[in-house]
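See below for the structure under consideration.
The values are calculated or read from the model by the stated rules, or taken from the named source; none is laboratory data. What you see is a predicted model; the values in this text were computed from it and never measured. Here Cβ is always computed from backbone atoms with ideal geometry, including for glycine, and neighbour counts include all displayed protein chains.
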Amino acid sequence: MHNLVKEGVPVEDAWQLVREGEGELPAGDLILPLARFLAGERAPQGRTAVWFAPDDDPLAAAADVLALPLLAVDFPAFTDGRGYSIGRLLRERRAFAGELRAVGDVQRDQLHFLHQVGFDSFAIRADLSAADAAGALADFSAGCQTSWRRRQGRGLHV
Amino acid sequence: MYRYDEVDRRVVAERVEQFRGQTQRFLAGQLSEDEFRPLRLMNGLYVQRHAPMLRVAIPYGHLRSGQLRTLADIARRYDRGYAHFTTRQNIQFNWPALETVPDILAELAEVEMHAIQTSGNCVRNTTTDAFAGVAADELADPRPWCEIVRQWSTLHPEFAYLPRKFKIAVSGSAEDRAATWVHDIGLQLRKNDAGETGFRVLVGGGLGRTPIIGEEVCAFLPARHLLTYLDAVLRVYNRFGRRDNKYKARIKILVKALTVEGFAAKVDEEWRHLKDGAGTLADADVAHYASFFVDPAYDTLEPNPADFVRAQAESPAFARWVGRNTRPHKAPGYRSVTLSLKKTGVPPGDISAAQMDAAASWADRFGYGELRVSHEQNLILPDVREADLFELWQLAREAGFATPNIGLLTDIVCCPGGDFCALANAKSIPVAEAIQRRFEDADYLHDLGEIECNISGCINACGHHHIGHIGVLGVDKNGEEWYQITLGGSQGNEASLGKVIGPSFAQERVAEVFGRILDVYVRDRLAGERFIETVRRVGITPFKEAAYA
Ligand code: HEM
Ligand code: SF4
């Protein structure tokens, strides 16, 4: 993936997303399907991360999953909003403090919402411009409800 | 009434600019039709039969006179000089050009209005009783809570892409006038034995193709927990609601699949972790929002001043209008006036720009500059002195606003149907008109008393036909427009779904069948019995026999 937005700007990506449920793993830092990780597979050379499908349960994730440096959540279609709850649960109920990445059909107009619920890196769909998408993080300078980013609970306007 | 603060203003203004960017990207071919659709829907922009349709929110039905003037101005400059009030306290413009929508939204933002989440698979405009704050039977004012829910739901980051649309209604009075039983979430304000304010929470109601009356998921939720509880309900729905079939994606299907107990258990499990967290409402927050909804400085008045009583005695037409189109007010000597948008020959809920301007001027002159819109698609002046009613009535008559039919058969709730809507099976506006024409005789109409008639052009039920005392549903029969009739539906505390009386009718027969049904009512009613009560007592069989005789 070479279309990553992180810390608000497009950057080179060290990680490789493994979509397949089986087959030989390549070299390098890999984001594996959760099931493969749970089956004991690890990146043969490099670091290991996992990605959650929308129906994977973040509440069932064990300590070894939560200790990984990066967790990704897949958005098979941008209209599938389950990943927002997964992200928020990983942050709020599982206290995951590593990099939380959105992968899949990730487009400009989701970035603000994703960022609010706790995502901090965004693998923008390959045919879209990461630089353009990054601009969306500045779309809103305020919000009306608490979220992962706005935890201070100063009434509703935070 | 609520006034935006700096944050509201910024959020709404930034949303306008975001949408401007989205529209430009679409027009430049950078967003496909499929990609733009959910984005524009989340801003109330449909593409229907003839042109785009823009739905603007009137949060919980509250309007200032200046806002109504802006809506009139938009209708004149960007549309064809009229607009349409919907059954969910929104207003729709039927003919704006796509390119101009960002400009319209920018003008709306100037008067603290928006189209945020008026469509799409997200939390929609929160609705309530049109008489909130002035109704004589109010237990607690729902409006501060509606505003709190409006803010919580506005661009809620976790719930922008739900399985399906999500509608919340709040009721604060003894009689439920907000249709809370047929919403995804219904909130009924309550006080517990300790005098604490809270909510009875209903979930899983809704109409559409699978009409279901909601079920109680929490008997008493202390009010400070409102938002954390809503977060929990929405999270369970967002994660587990079906996404494979849009006809099975509403929360009602999930609640049925899990049973309400199973659903409640999942919500409680989630809520344990949210409860008392940052979303908890502090007393100061609640007081802050309540401070916007204090009573205006009502004068101390005698009820029924002599001139008002005399005018009614001298003019039976005025007396009839007072009887039908005004309601008791909690302040003596005041009434709430409903301006009827159900004049025969005008599509129910349609309002011209001139009428909007006129109503705005009356709100300033006779009231405190505020209006309400009802989910029955009428416009309300909440606080009018009884002493001013005669003059207001004369003005309203000239403006085509004084049809004395509120709550009567011709106060029809009706969707746009086949004349505008691409999803329609059949037209609904001409059917409404045929019924209005048939029952034009005022004495007969008033003798029939309160009857709620609801018409939808297809199974999506935008006209709420399932909860009409008489419901009409447009169906497609081999490419022709036919109409199914249901009886016994009802909103309110005893919400119920109507029963289909039998095979559908051709369009030209609908009004005549209404005649037959109402003849049975007149024949069989007990003294003082309303139509719905007769239907409940005798069942649908006698009506059915007459309809198909
Ligand atoms: C012309 C454009 C419109 C379109 C394309 C449209 C489409 C739909 C659809 C597809 C549904 C069913 C959704 C579901 O149950 O999941 C629906 C429901 C609804 N619509 Fe519309 N609608 C339109 C206009 C209106 C208007 C003008 C009104 C008000 C008069 C309205 C009020 C409603 C209401 C109240 C429901 C909810 C029924 C329920 O409780 O499930 N809609 N609409
Ligand atoms: S009920 Fe059907 S015909 Fe009427 S507005 Fe809704 S979708 Fe259109």
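Which of the helices (runs of 4 or more DSSP H) found entirely inside segment A:73-158 contain at least 3 residues meeting this: under 15 Å from the mean Cα position of the chain (by Cα), charged (D, E, K, R) and at the interface with chain B (Cβ under 8 Å from one of its Cβ atoms)? So that I can check it myself, show each step before the final result.
On the way: elements: A:82-92, A:111-117, A:130-135.
In segment A:73-158, A:82-92 are the helices (runs of 4 or more DSSP H) which contain 3 or more residues that are under 15 Å from the mean Cα position of the chain (by Cα), charged (D, E, K, R) and at the interface with chain B (Cβ under 8 Å from one of its Cβ atoms).
Does any residue of segment B:480-492 turn out to be out of contact with any Cys (no Cβ under 6 Å at 6 or more places or on another chain), at negative phi, aromatic (Phe, Trp, Tyr) and in contact (Cβ under 8 Å) with a residue 60 or more places away in the chain? Walk me through how you get there before you give the answer.
So in segment B:480-492, the residues out of contact with any Cys (no Cβ under 6 Å at 6 or more places or on another chain) come out as B:480-492.
If we keep only those that are at negative phi too, we end up with B:480-487, B:489-491.
Adding the requirement that they be aromatic (Phe, Trp, Tyr) leaves B:482-483.
The next check asks that each one be in contact (Cβ under 8 Å) with a residue 60 or more places away in the chain; those that pass are none.
No.
Can you name every residue in segment B:139-169 that is in contact with a Phe, Trp or Tyr (Cβ under 8 Å, 6 or more places away or on another chain) and in a strand (DSSP E or B)?
Hit for segment B:139-169 is B:PHE166, nothing else.
What residue, of B:ARG235, B:ARG243, B:ARG209, is within 16 Å of ligand 1 (Cβ to nearest atom) and either modelled with pLDDT of 95 or more or not charged (D, E, K, R) (or both)? Steps first, answer last, please.
Numbers: B:ARG235 fails: within 16 Å of ligand 1 (Cβ to nearest atom); B:ARG209 fails: either modelled with pLDDT of 95 or more or not charged (D, E, K, R) (or both).
Just one listed residue meets the conditions, B:ARG243.
Only one of B:THR118, B:THR70, B:THR87, B:THR127 is hydroxyl-bearing (Ser, Thr, Tyr), modelled with pLDDT under 90 and under 23 Å from B:GLN355 (Cβ atoms). Can you tell me which?
Details: B:THR118 fails: modelled with pLDDT under 90; B:THR70 fails: modelled with pLDDT under 90; B:THR127 fails: modelled with pLDDT under 90.
So the residue among B:THR118, B:THR70, B:THR87, B:THR127 that is hydroxyl-bearing (Ser, Thr, Tyr), modelled with pLDDT under 90 and under 23 Å from B:GLN355 (Cβ atoms) is B:THR87.
Suppose we filter segment B:87-110 for residues that are among the hydroxyl-bearing types (Ser, Thr, Tyr) and not in a helix (DSSP H, G or I); how many remain? Walk me through it before giving the result.
Step one: of segment B:87-110, the residues among the hydroxyl-bearing types (Ser, Thr, Tyr) are B:87, B:100.
Still in the list and also not in a helix (DSSP H, G or I): B:87.
Summing the residues that are among the hydroxyl-bearing types (Ser, Thr, Tyr) and not in a helix (DSSP H, G or I) in segment B:87-110 gives 1.
So which residues in segment B:278-302 are surrounded by fewer than 17 Cβ atoms within 10 Å (Cβ to Cβ), acidic (Asp, Glu) and over 23 Å from B:PRO382 (Cβ atoms)?
B:ASP283
Go through (1) away from chain A (no Cβ under 11 Å); (2) not in a helix (DSSP H, G or I) for B:GLN24 and report which single condition fails.
Tallying (1) away from chain A (no Cβ under 11 Å); (2) not in a helix (DSSP H, G or I), B:GLN24 fails exactly one: (2).
Taking only segment A:1-18 into account, find how many residues are surrounded by 12 or more Cβ atoms within 10 Å (Cβ to Cβ) and either assigned to a strand (DSSP E or B) or modelled with pLDDT of 95 or more (or both).
We begin by selecting, within segment A:1-18, every residue surrounded by 12 or more Cβ atoms within 10 Å (Cβ to Cβ); these are A:1, A:3-6, A:8, A:10-11, A:13-18.
Add one more test, that the residue is either assigned to a strand (DSSP E or B) or modelled with pLDDT of 95 or more (or both), and what stays is A:4-6, A:10-11, A:15-18.
Total satisfying the criteria: 9.
Taking the criterion of being modelled with pLDDT of 95 or more, closer than 30 Å to A:ASP56 by Cβ and of a type in the set (S, T, N, Q), would at least one residue in segment B:175-193 satisfy it?
No, every residue in segment B:175-193 fails to be modelled with pLDDT of 95 or more, closer than 30 Å to A:ASP56 by Cβ and of a type in the set (S, T, N, Q).
So which residues in segment B:154-163 are crowded, with 24+ Cβ neighbours inside 10 Å and either more than 7 Å from chain A (Cβ to nearest Cβ) or aromatic (Phe, Trp, Tyr) (or both)?
Hits for segment B:154-163 are B:PHE159, B:PRO163.
List pairs: first in segment A:1-22 and among the basic types (Lys, Arg), second surrounded by 15 or more Cβ atoms within 10 Å (Cβ to Cβ), Cβ under 8 Å, 6+ apart or cross-chain?
A:LYS6/A:GLU99; A:LYS6/A:ASP120; A:LYS6/A:SER121; A:LYS6/A:PHE122; A:ARG19/A:PRO33
Please state which one of B:ARG437, B:ARG397 is more than 12 Å from ligand 1 (Cβ to nearest atom), farther than 17 Å from B:ALA319 by Cα, modelled with pLDDT of 95 or more and away from chain A (no Cβ under 14 Å).
On the way: B:ARG397 fails: farther than 17 Å from B:ALA319 by Cα.
It is B:ARG437.
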